[in-house]
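Have a look at the structure below before the remarks.
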Amino acid sequence: MKNHTILAIETSCDETAVAIINSNREILAHEIISQTEHKIHGGVIPEVASRAHMEHLGYLVKNAIKTSGLNFIDLAAIAATSGPGLIGGLMVGTMMAKAISHAIKKPFIAVNHLEAHALVIRLLHKVEFPFLVLLISGGHCQFLIAQDIGKYIKLGKTLDDSIGEAFDKIARMLGLGYPGGPIIEEFAKHGNGKRFNFPRAMIKRQGCDFSFSGIKTAVKILLKRLKLNERNICDICASFQECVSDILLDRVNNAITMAKSLNFTLNDFVISGGVAANNFLTENLKKHIYLNILSPPKHLCTDNAVMVGWVGIERLQRGYINSIDFAPKAKWSLEDYIY
Ligand code: KG4
Ligand code: ZN
């Protein structure tokens, strides 16, 4: 098959990223800026994010082209994350992709950010459909059966906060900064995970939905009577991770049971999204779950443009391209995504 090269753009949240990759699985360029503007707020401010995407995207595209040693006319298509996410950022990235696509007369591909997290593993490993996906990030928390490109069954989701949000909010309560996930993971290494028994919501219940808002409240209540010294912070971080880990294990077992009852035979289990960068959580699942567990390297777990490019390649190979009229969607379920 002919080698195709794609330029891909990611702007759905607070990473502005551009990648150039080809169907031989080579990453020719990856330019990424994690917006630091949000650190002082402890969370992403949508308008601030949109403005930062506008400021950075143009030169990141130019840098990526320069690094790749190619010209725009060498590209086979342009892909951009067109949802779900913060609408201002999605518009910036999608409009840039459409403009380039129009100028060089090559197809535009609208990529669903969740599909990008779910499929990037296929850039790195031979993972055949169907496979089970646990997508855990700042904005999302769900189990999916990936049946094919554009074909997903959602088995369960969070009823309130995502896991990433729980990490970020607890880190903010502890005064640790943003994003909270990597900082909590670090502090937890020095703490006692058995000291605080945070609520394991949903455990032993049917299905594989999650709920994380109760842990946040439990930490809040605990902090009213506890001094914020290093020992306590480390123990809270470790106990929180231990609690999340127990919940995940219970939910994963139920998700596997549900997939079986739908007559799916699964070998591979892909854990993806920013929280999949957490070694404590993934290692614990690997110890207890019999499926072949795979997760991308850390820099491809958190938001990046390589994963968008990979979905672009998979879709282009099938002729799944989009019209220039495609409107970005702030909400875009993978189950509505059948091409
Ligand atoms: O996938 P991502 O970059 O953005 C979304 O699509 O939401 O995920 C960001 C989330 C943040 O909540 C961040 O705290 C979390 O991923 N995260 C982690 C770790 N690294 C990033 N959570 C736990 N442990 C980590 N090592
Ligand atoms: Zn993401």
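The values are calculated or read from the model by the stated rules, or taken from the named source; none is laboratory data. All figures in this text were calculated on a predicted structure; none of them were measured in a lab. Ideal geometry is used to build each Cβ from the backbone, glycine not excepted, and the neighbour counts take in all protein chains shown. The area values use the complete protein model at the heavy-atom level, side chains included, leaving out ligands, DNA and RNA. Shrake-Rupley method; radii C 1.70, N 1.55, O 1.52, S 1.80 Å.
What the table below lists for this structure:
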| item | result |
| --- | --- |
| Counted charge near His38, where neighbours are those whose Cβ lies closer than 15 Å (Asp, Glu -1; Lys, Arg +1) | -4 |
| For a label point 7 Å along the Cα-to-beta-carbon line of Asn292, residues of the range 98-136 with backbone N under 19 Å | 118-134 |
| The chain - charge dipole about Cα centre, Lys and Arg +1 at Cβ, Asp and Glu -1, debye rounded to 20 | 540 debye |
| Alpha carbon centroid spacing (whole Å) that separates the range 200-220 from the range 86-162 | 26 Å |
| Calculated P(r) tail over 37 Å for the chain, as whole % of Cα pairs | 18 percent |
| Hz values of 3J(HN,Hα) by residue in the range 246-261 - Karplus curve (6.51, -1.76, 1.60), Gly and Pro given as x | 4, 5, 4, 4, 4, 5, 5, 4, 5, 4, 5, 4, 5, 4, 5, 5 |
| Radius 10 Å from Cβ of His53, net charge of other residues (Lys, Arg +1; Asp, Glu -1) | -3 |
| Gain upon complete extension [Lys224, Glu335; 0.36 nm per residue less C-alpha separation] | 35.7 nm |
| Point-charge dipole on Cβ atoms (K/R +1, D/E -1) for the range 168-270, about Cα centre, debye to 20 | 540 debye |
| Angle in degrees between helix 46-68 and the longest Cα principal axis of the chain, rounded to the nearest 10 | 50 degrees |
| Residue-wise HN-Hα coupling along the range 173-181, computed from phi with Karplus coefficients 6.51, -1.76, 1.60 (Hz; x: Gly, Pro) | 4, 8, x, 9, x, 10, x, x, x |
| Sites matching trypsin sites (Lys or Arg not before Pro) across the range 204-274 that sit in DSSP coil, with at most 11 neighbouring C-beta atoms within 10 Å | Lys204, Lys224, Arg225, Lys227 |
| Extension gain from Glu55 to Arg25, taking 0.36 nm per residue of separation minus the Cα-Cα distance | 7.8 nm |
| Per-selection metrics, the range 174-242 (Cα): Rg and Dmax in Å | 12.6, 39 |
| Phe131 long-range amide H proximity, modeled H, under 5 Å | Ala146 |
| Part-to-part distance (alpha-carbon centres) for the range 14-28 and the range 43-79, which is given in Å | 11 Å |
| Thr217, Thr265, reordered so the largest accessible area comes first (probe 1.4 Å) | Thr265, Thr217 |
| Which of Asn279, Asn24, Cys237, positive extreme of dipole for the chain (C-beta unit charges) | Cys237 |
| Coil-residue trypsin sites (Lys or Arg not before Pro) of the range 277-339, DSSP, other Cβ within 10 Å capped at 14 | Arg318, Lys331 |
| Shape of the range 129-295, Cα gyration tensor, a/c cut at 1.5 | prolate |
| Per-residue HN-Hα couplings for the range 262-273 [Karplus 6.51, -1.76, 1.60; θ = phi - 60°; Hz; x = Gly/Pro] | 8, 6, 8, 9, 10, 10, 9, 10, 9, 10, 9, x |
